[in-house]
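*Asks:* Sharing a structure below in structure tokens format, with a few things to ask.
Read the figures in this text as sums done on the coordinates, not as results from a lab. Just so it is clear, the structure is predicted and the values come from calculations on it, not from any experiment. Glycine gets a Cβ as well: all are built from the backbone with ideal geometry, and neighbour counts include every protein chain shown.
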Amino acid sequence: MMTKDQMELVKGTVPVLRQHGVLLTTHFYKRMFEGNPELKNVFNMGNQENNKQQTALAMAVLAYAEHIENPAVLMPVLDGIGQKHISLDIRPEHYLIVGEHLIASIKEVLGDAASAELLEAWTTAYNQLAAIMTGHENHLYVQQISKKGGWSGWRPFVIKEKVVESTEITSFYLYPSHGGMVADFLPGQFLSVRLFLPELNLLQPRQYSISSAPNGEFYRISVKKETASSLTPDGMISNRLHNYVGVGDIIEVSAPAGNFSFSPDKDNPVVFISGGVGQTPLMSMMESLVRIGSKRPRTWIHGCRDKNVHAFKEVIENWTGQNDDIKKHIFYADLDGERITKNEYEGWVDLNVIDSDLITPQTEYYICGPAGFIETHYRQLLLMGVKKELIHFEEFGPQTLNLN
């Protein structure tokens, strides 16, 4: 239990964490991977290279220090972290390793400013956080294995179908190799896939949203191929799936997780706003509503570079053609002279050009896409009078957006 003096010592580091938090977390990860290189098989090394993981951890440590007297207010954030952890099979022993390197990093980065009392305070604070997280994650693991067809950790799945959806996106239909049923999930959740990368000589996990509705038989993930000339670790798993993994192959998969989800049973209007491959969790949500014959008013707003990269175009057209309750608005950044039809637009997604009935007091909004895309449309909805509690968003990768 932390004393009041220890809480004050931790709170006293807030200005340093605001200014130098990423420096601390960068030092921490470098130290940890040198001391425990086996953890490179657990962490997404792409997020290490692009600095997202260091930034996300710095933000989390800062938030914890700011709310050290009442960490319970951070539970929505901690739940998001916990959901990612269970998808990566993080266990209590990992917290012991992280704690050792984090406290040592604080001492090494702060130097003479890291008094024995401060280090003891941060050790107590970290142990408190680790107890909260391991307790919460244990609860999540129990929820996973309690489901029919559920499991925790990694399980082999066979790819039974590989379907090209566009010039960039391909879908993979994953069935459990044991032939049984798959655990149910909430529309919008993700699962982790783990492959061996010869380029890095490492096992590497990546999260992919489930792009199909719950069905008891399979999961579908829809993966964007990366086309950069110098590929970073961040795109290596996606491209390995595209180039080397085929029908009949076995891959390791963790159970569905994530807190970006919704209940199909409501009847208030819902608007889905996506950019590029960000439509994948929203496809699961929309398909779930279609499957149960929902009469809930739905609006599908999607933006992508051009018609060639537009995945699931025919599926959406089919749904809108058969359901009067579904409207669609599609934006193409580059049409290259191609003709557009009704409810298609040239340019980036712009909510201002869509019918005024997009905004009602009960409507919920789900946004997914690149960080800048999410922030733009989150701010726009607020300006249009939408209450922030009605806006839900998913940022792929480590959480660095702080919009609430």
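*Asks:* Show log10 I(q)/I(0) for region 51-119 at q = 0.15 Å⁻¹, two decimals, from a solvent-free Debye sum over equal Cα scatterers.
*Replies:* Values returned for q = 0.15 Å⁻¹ are -0.62.
*Asks:* For region 42-86, which GluC sites (Glu not before Pro) pass both filters: DSSP loop (anything but H, G, I, E, B) and at most 13 other C-beta atoms within 10 Å?
*Replies:* Numbers: sites: E49, E66, E69; in loops: E69.
In loop regions of region 42-86 (DSSP not H, G, I, E or B), the sparsely surrounded GluC sites (Glu not before Pro) are E69.
*Asks:* Sticking with this structure for a sec: Counting only other residues whose beta carbon sits under 10 Å from that of S171, what net charge do I get with K and R as +1, D and E as -1?
*Replies:* Working: positive: K162, R220; negative: E161, E165.
For residues surrounding S171, the net value is 0.
*Asks:* Which shape class applies to region 4-146: rounded if a/c is under 1.5, otherwise prolate when a/b exceeds b/c and oblate if not, where a ≥ b ≥ c are the square roots of the Cα gyration tensor eigenvalues?
*Replies:* Values: a/c = 1.74, a/b = 1.24, b/c = 1.41.
Here region 4-146 falls in the oblate category.
*Asks:* To the nearest 10 degrees, how steeply does helix 371-383 sit against the main Cα axis of the chain, on a 0 to 90 scale?
*Replies:* Approximately 70 degrees, to the nearest 10.
*Asks:* Can you give me the angle between helix 233-244 and the longest principal axis of the chain, using Cα atoms only, in degrees from 0 to 90, rounded to the nearest 10?
*Replies:* 40
*Asks:* Efficiency by 1/(1 + (r/R0)^6): what FRET value for L335 and M384, r their Cβ-Cβ distance, R0 = 35 Å, to the nearest 0.05? Spell out each step's value before the answer.
*Replies:* On the way: r = 26 Å, r/R0 = 0.76.
Computed FRET efficiency for L335 and M384 comes out at 0.85.
*Asks:* Using 0.36 nm times the number of residues separating E117 and I97, minus their current alpha carbon distance, what extension gain do you get? Before the final figure, lay out the partial values.
*Replies:* Details: separation 20, 0.36 × 20 = 7.20 nm, distance 2.14 nm.
That pair, E117 and I97, stretches by 5.1 nm at full extension.
*Asks:* Where in region 256-270 does the label zone of I292 land, with the point 7 angstrom along Cα→C-beta and an amide N cut-off under 18 Å?
*Replies:* Residues 259-270 fall inside that zone.
*Asks:* Now for a separate question. With everything on Cα atoms, drop me the angle between helix 116-146 and the longest principal axis of the chain, reported from 0 to 90° to the nearest 10.
*Replies:* Around 40 degrees separate the two axes.
*Asks:* Let me ask you something else. Quick one: Kirkwood hydrodynamic radius for region 270-394, alpha-carbon pairs, angstrom, one decimal? Please report the intermediate quantities before stating the final value.
*Replies:* Numbers: mean 1/r = 0.0679 Å⁻¹.
Mean inverse Cα-Cα distance, inverted, gives 14.7 Å.
*Asks:* In addition: Can you compute the modelled spin-label distance between N36 and E108, with each label point 7 Å from Cα toward Cβ, in nm?
*Replies:* According to this spin-label approximation, the distance is 1.4 nm.
*Asks:* I've got another one for you. Can you tell me how much longer the chain between E344 and N51 gets when fully stretched, taken as 0.36 nm per residue apart minus their C-alpha distance, in nm with one decimal?
*Replies:* On the way: separation 293, 0.36 × 293 = 105.48 nm, distance 3.65 nm.
Separation in residues times 0.36 nm, less the Cα-Cα distance, equals 101.8 nm.
*Asks:* Next question, about the same structure. Give, rounded to the nearest 20 debye, the magnitude of the charge dipole that the chain has about its Cα centre when Lys and Arg contribute +1 at Cβ and Asp and Glu contribute -1 at Cβ.
*Replies:* The dipole of the chain has a size of about 560 debye.
*Asks:* Taking Cα centroids, how far is region 161-198 from region 18-49 in Å?
*Replies:* Each part reduced to its Cα centre gives a spacing of 28 Å.
*Asks:* What's the exposure ranking of D79, D357, going from fewest to most Cβ atoms within 10 Å?
*Replies:* Ordered by Cβ neighbours within 10 Å, fewest first: D357, D79.
*Asks:* Quick check: residue separation of T320 and V247 times 0.36 nm, minus the Cα distance between them. What number comes out in nm? Don't skip to the end; give the middle numbers.
*Replies:* On the way: separation 73, 0.36 × 73 = 26.28 nm, distance 3.12 nm.
That works out to 23.2 nm of additional length.
*Asks:* Can you list the lysines whose alpha carbon sits under 25 Å from that of K84, skipping same-chain ones fewer than 8 residues off?
*Replies:* Output for K84: K30, K40, K52, K147, K148, K224, K225, K388.
*Asks:* A further question on this structure: Quick one: Debye curve from the alpha-carbon atoms of region 205-356 only, equal weights, vacuum; give me log10 I(q)/I(0) at q = 0.10, 0.12, 0.13, 0.18 Å⁻¹ to two decimals.
*Replies:* Relative scattering, expressed as log10 I(q)/I(0), comes to -0.42, -0.60, -0.70, -1.22.
*Asks:* Right, next: Are there any trypsin sites (Lys or Arg not before Pro) in region 274-334 that are in a DSSP loop and have at most 12 other Cβ atoms within 10 Å? List them by number. Present the calculation step by step, with values, prior to reporting the outcome.
*Replies:* Working: sites: R291, K295, R298, R305, K307, K313, K327, K328; in loops: K295, R305.
Answer in residue order: K295.
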